[in-house]
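Only the coordinates and a few stated rules stand behind these numbers; no lab work does. Quantities reported herein were computed from a predicted structural model and do not represent experimental measurements. In this analysis, Cβ positions are derived from the backbone assuming ideal geometry, glycine residues included, and neighbour counts consider all displayed protein chains.
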Amino acid sequence: MPLDFLKRKPDSTPTTPATAGPPPAAGHGTITLPEEVVAQDFQLKLYYAGKSSEGVRMQTGPNAMNELPSMLHGLAKSEIEVVDPLPIEFSQATPVMARPSEAMQWLNAHHVHSPVTRHALVVLESIDAIDLAFDTFVCSLLDGEVDTSGYPEYSAIVGGVASHWDEATGDMIVRAVVGWGGKGVRGDTDRIAAKILGGLLTNVLANQYALGLTAFERPVPSAGRGGLVCAHCGFASAHERAFYCPKCGMRLLRG
Ligand SMILES: [Zn+2]
């Protein structure tokens, strides 16, 4: 069946072309520029935010890492998940879709985690509140709702605790970390997040291995290729200045 409306009648007056714009001025071959461009605007406002507490120095021991999930007890509203520091093959992992190599690394590293944890990682890594080159991150939903696919709403608060090994002393330093955000903002989320952060820090300080608050000095990942391999657990760190294995906390031996 012929599509008549697509055919142009040979002797009809010229019609406006399919691409928007004013009709050409009658009698001239040139198209006059409109005085004002009629623009259709598009925008997306993404809002990510988070809070991190002071660090708490922990008495190091073989059980120190196992204590981390218990610090979310009473506050976690979903399964508590532990995200280990990333080995060197994931050192470029970044949750940015437009950078396919970095995004693929990120997906390969984190596709196993729950939607809540992945959302938390996107938010907290995007705002630089955690760095998996040296942080161990223990995460749960802390407030608010998830959608039918299990992903937190923009006003939901996610997070828990993050730990790293202090370069100077080798002690484990634990801090409370929370985050939220997405395609929306709600006025009271910041206040609720501050309250939850306080609850988490109270839990950390109440732990039997806690030694007290400490100034939080984050290790500085170097621009180099990294690559010290832990003699104890085999973890290949992306963090070449680390004195202690980001994963097991044992002293790294320099060859
Ligand atoms: Zn190790």
Within the set of other residues whose C-beta is less than 11 Å from the C-beta of residue 52, count the net charge using Lys and Arg as +1 and Asp and Glu as -1. 0
5 Å is the cut-off here: which amide hydrogens, built 1.01 Å from N in the peptide plane, fall below it relative to residue 83, excluding neighbours closer than 5 in sequence? 137, 138, 139
Can you tell me the FRET efficiency between residue 77 and residue 128 if r is taken as the Cβ-Cβ distance and R0 is 35 Å, rounded to the nearest 0.05? 0.90
Between residue 169 and residue 99, how high is the FRET efficiency from 1/(1 + (r/R0)^6) when r is the Cβ-Cβ distance and R₀ = 45 Å? Nearest 0.05. 0.80
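Using only alpha carbon pairs under 8 Å that are at least six residues apart, calculate the relative contact order of the range 101-255 and give it in whole percent. Mind dumping the intermediate values first?
Values: 241 pairs, mean separation 28.3, N = 155.
For the range 101-255, the relative contact order is 18 percent.
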Residue-by-residue Karplus 3J(HN,Hα) for the range 72-83, coefficients 6.51, -1.76, 1.60, Hz, glycine and proline x: 9, 4, x, 10, 5, 10, 8, 3, 8, 10, 10, 10
Using θ = phi - 60° and Karplus 6.51 cos²θ - 1.76 cosθ + 1.60, couplings along the range 146-163 (whole Hz; Gly, Pro as x): 10, 7, 5, 8, x, 8, x, 5, 4, 8, 6, 9, 10, x, x, 10, 10, 10
Quick one: length gained pulling residue 89 to residue 145 fully straight, 0.36 nm per residue minus the C-alpha distance? 16.7 nm
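How high is the FRET efficiency between residue 233 and residue 44 when r is their beta carbon distance and R₀ equals 35 Å, given to the nearest 0.05?
Working: r = 42 Å, r/R0 = 1.20.
Approximately 0.25, to the nearest 0.05.
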